[in-house]
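First the structure, in the form of structure tokens, and then the observations on it.
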Amino acid sequence: MSSKINHHHHINGHDSIPPPCPHLADFCSRNGTKPFHLLQNCLRIKPPHGRASIRRDPSEIPRCGACGVSSVPRIYACVTCATISCHAPPEPSHAAAHAASMAPGHEISVDVDRAELFCCACRDYVYDRDFDAAVVLSSKANNIHSNVNSDNLRKKRRIVEYRPWLPDIHERVLVNNNSSVLNFVEDRPWGLRGLNNLGNTCFMNSVLQALLHTPPLRNYFLSDRHNRYYCQQKKSGNENGVVGGKRSNGGDGNGGKGLRLCLACDMDAMFSAVFSGNPVPYSPAKFLYSWWQHAANLASYEQQDAHEFFISMLDGIHEKVEKDRHKTHGLGHGDCCIAHRVFSGILRSDVMCTACGFTSTKYDPCVDISLDLEPYLGSSAKSMSLKTHSCNGEVDCTNSSQNGGISTLIGCLDRFTRPERLGSDQKFFCQQCQVRQESLKQMSIRKLPLVSCFHIKRFEHSSIRKMSRKVDRYLQFPFSLDMAPYLSSSILRSRFGNRIFPFDGDEADASNEMSSEFELFAVVTHTGKLDSGHYVTYLRLSNQWYKCDDSWITQVNENIVRAAQGYMMFYVQKMLYYKAGEKQVAQ
């Protein structure tokens, strides 16, 4: 249904502009904008997506004055006399009948569920700039008032001026007395150290290499935010305490068998060992043992899935923090533990009724996003997808077009966030229609994490065929990625236009707090078959790529990375919260 516009817009070369509604023009010439402003007192904001509606009372259920029905698709209120009427084609329109039975001026009504103008004579939606401005201004004022008085008001992030840390006299003495010189390896960056394979543990080594060089995670452990000695003393009651609690710079940290298992403590020991400057490959045996205790069902020397290990390890760190604090934190809360501070994000799922437009929204926390590979669309469709997004360089894919075509990470994200029509066997109960209806489902990202991990579903398991296989198709991934098109704010703006009013402080704030631009710093790849493959990690350090193949570390060209068969990609935000000024950087 095309809306008619009340104001003339001159657009060169276009003759298909809908004509202005004569009834709306006559109504405005008679009454001006006063009736529109009077509607502001009846404006309500309806969650979850902040759509404006018209209600004299928040609990009011509008009913048609002619038939008394409230469940028809559209209910309208006459702007002149406030008579409620329904309009549900192909049934007789009581709204049109009301306009025809009254004197001129009763043709214009307002949709009580959408706060949009409707001409009962033309039987079409109409647009008036003054009415829309009144709705927008009133909705913003309503939103500010509700935010101030809401009991569930979220704590806003404080914007403070950046101040560089400078040690005082006491801190300088501590640093000088407790520091030792690190032995750097000249031909590789600091902290780049091989990990020994302990028996089909390449799945673990590949993920650990990515985590060891995840900037927020690395900064957390190297700044002693989790001291393993203090943690173990606290849990064991100093039964196995370490005198002075001094950290070791070069030890492998695999001692202390009597201490309570803690994956965060084992990570702390691993960071100390890897960043000690020792070039000899490190054996993460203590960490493997602790992980086995946490995930007993995976405790074996068989090859495991790297993605499953990643999720299990983060869950182990989170579970340990939960037990220590004796209180529950939601994963999406983001500040319960270092694992979720770095990787935790929030996904938004909208299920919309195709009959009335009612939307049910759910928020789910996540530490990664699992993506399906794109189906092969042919060369023409793929070229259009590549032209739409910039992937920071071309890729020579002559030897990588397996299984019919090339998928892109951008295309996988587009497919992940596009609307999907649910089948007839997945009808959901619509609260407005009060029956099960067919629906559309759309995913979006409400909150971006500091580090985004994308998992590509390369292993397919069919319960019908009772078989599993690996998908060897090539995936093209960019080195720089803009996540703005996949945010909930962007998805809702494209769905509803500019009339989007934040209701619970989510979309606008969540998207503006953090940068949407990400940089690739680690790629975990898998080569071989499903049951006999091998994991390798590519790391970008100091703008140079390195291949981490268990204990072997080699420098590689970026074209090698682009041609690799990506299984997990790690992206970190370009911009942090605090940014030093030019003078402070110069100092």
Cβ-Cβ FRET estimate between Lys457 and Asp531, R0 fixed at 22 Å, reported to 0.05: 0.80
For Ile54, Ile108, write out the residues from largest to smallest accessible area, computed with a 1.4 angstrom probe and no ligands counted. Ile54, Ile108
Which value in nm describes the separation of the simple spin-label points at Asp132 and Gln555, placed 7 Å from the Cα toward the beta carbon? 5.8 nm
Full extension between Leu298 and Val173 adds, at 0.36 nm per residue less the Cα distance, a length in nm of 40.3 nm
What is the spin-label model distance, in nm, from Leu166 to Ala97 if the labels are put 7 Å beyond Cα along the C-beta direction? 8.2 nm
Put a dot 7 Å past each Cα toward the Cβ at Gln544 and Ser349; how far apart are the dots in nm? 4.6 nm
Would you tell me the accessible area of His87, worked out with a 1.4 angstrom probe on the heavy atoms of the protein chains, in Å² to the nearest 10? 10 Å²
When the chain is fully extended, how far beyond the present Cα-Cα distance does Asn227 get from Arg418, taking 0.36 nm per residue of separation? 64.3 nm
With every protein chain kept in place and a 1.4 Å probe, the residues Glu171, Glu374 fall, from largest accessible area down, as Glu171, Glu374
For Ser480 and Ser70, FRET efficiency with R0 = 56 Å and r from the beta-carbon atoms, rounded to 0.05? 0.60
Which FRET efficiency value, to the nearest 0.05, do you get for Leu38 and Val435 by plugging their Cβ-Cβ distance into 1/(1 + (r/R0)^6) with R0 = 30 Å? 0.25
For Phe358, Phe275, what's the largest-to-smallest order of accessible area, 1.4 Å probe? Phe358, Phe275
Could you tell me which of Met102, Tyr125, Val135 has its Cα farthest along the dipole of region 88-137 towards the positive end, charges placed at Cβ (Lys, Arg +1; Asp, Glu -1), taken about the Cα centre? Met102
Do the alpha carbons of any pairs in Lys234/Lys286; Lys457/Lys529; Lys286/Lys574; Lys470/Lys547 sit beyond 25 Å of each other, and which pairs? Lys286/Lys574
Gain upon complete extension [Glu308, Arg30; 0.36 nm per residue less C-alpha separation]: 93.3 nm
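The values are calculated or read from the model by the stated rules, or taken from the named source; none is laboratory data. These numbers come from a predicted model, not from an experiment. All Cβ positions, glycine included, derive from the backbone under ideal geometry; neighbour counts span all protein chains shown. Please note that ligands, DNA and RNA were not included when accessible areas were found on the heavy atoms of the full protein model with its side chains. Shrake-Rupley method; radii C 1.70, N 1.55, O 1.52, S 1.80 Å.
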